[in-house]
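No value in this document is a laboratory result; all are computed from the given coordinates. This structure is a prediction, so every number in the text was calculated from the model and none was measured. Ideal geometry is used to build each Cβ from the backbone, glycine not excepted, and the neighbour counts take in all protein chains shown.
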Amino acid sequence: MGTNAMADYSGYRDEELVAFVKESDKLAFGELFNRYAELLVSFAYRNLYDRDDARDVVQDFFTDLWTKRSDLDIEKNFRGFIFIAVKNKVFDRYKHQKVVQRYLDHYNEPTQTPADSTDHLVRKHDLEALIAQEIAALPEKMRLVFELARKNNMSRKEIAEHLGLPEATVRTNMNRALKILKGKLGAVFLMLFL
């Protein structure tokens, strides 16, 4: 079935819609989103106690679902699959918040004794790993622009010339990268990148 604007997908089973989504059918994807988004937000909210975080988790899930649609291998129990996937994203959010909180707790400590130095190194390593993970998760062009700006201290103009892109494209990619990282890294982002 194509992406006919008049198509009604409400009568299809989830597994049939998944088959359409694998073929890049946006309307089938929209039907799955409409069926499950609010239910998944409520599920995530019961674990996160923050409606915005719950929406972000569900948005991330659906973004991943669309991005990886051609690799979907769900023949049965789509509903079970999505709840497990969102639960895993909630756990990832907890891990992320735990690392950020440990860093913030340490950052706010007035003094550090030599006995704390090992703990400091572990926290620093965790934070660096989290930051590297979030940067690596950026789309390729966006990641490249970000790394050239932050690691190589290149200007937008230099990056544009280096990559053969318009300067406006470099600016857009940098702004989007900063927005994504700010959303993922929260308060740590503000201290490190602004």
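Shown is the FRET efficiency for D73 and T118, computed with R0 = 35 Å from the Cβ-Cβ distance and rounded to the nearest 0.05: 0.20. Counting only residues at least eight positions apart within a chain, or on another chain, the aspartates and glutamates with an alpha carbon under 12 Å from that of K157 are E167. Placing dummy labels 7 Å off each Cα toward the beta-carbon, the span from A7 to D64 is 2.6 nm.
Charge tally for Y9 (other residues, Cβ to Cβ under 9 Å; Lys, Arg +1; Asp, Glu -1): -4. Charge dipole of the stretch 7-93 (Cα centre as origin; +1 on each Lys and Arg Cβ, -1 on each Asp and Glu Cβ, all else neutral): 240 debye, rounded to the nearest 20.
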